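Here's the structure, in structure tokens; my notes come after.
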Amino acid sequence: MNVGPMFSIVIVTYNSAEVLPDCLRSIPACHQVIVVDNVSGDGSAVLAESLGAEVIRNTVNEGFG
């Protein structure tokens, strides 16, 4: 019986490609991971997708608040 993800985890990023892989790999596969990217210029959004996260790409930097 598949009951879906235990938790949905939202991570807000801005130019976080250096730390994002370790962050995403630390989350067990049973959780849904959503990365909200604030127009990073370092490939953070593409990297997050390649590691299995769902990505929301903002068109402006909305900040973390």
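Do you know the relative contact order of the chain, to the nearest whole percent, from alpha carbon pairs under 8 angstrom that are 6+ apart? Show your work: numbers first, answer last.
Working: 107 pairs, mean separation 22.8, N = 65.
Relative contact order of the chain: 35 percent.
Grab the DSSP H runs of the chain that are 4 residues or longer, score each as -39,500 (n - 2.57), total them, divide by all residues and round the 222 nm result to the nearest 500 deg cm²/dmol.
Values: 2 runs with 13 residues, N = 65.
Computed mean residue ellipticity for the chain: -5000 deg cm²/dmol.
Taking only the C-alpha atoms of the chain, Rg followed by Dmax gives 12.0, 41 Å.
Where a number appears in this text, it was derived from the coordinates with a stated rule and is not lab data. Since the model is a prediction, treat every value here as computed from it, not as a measurement.
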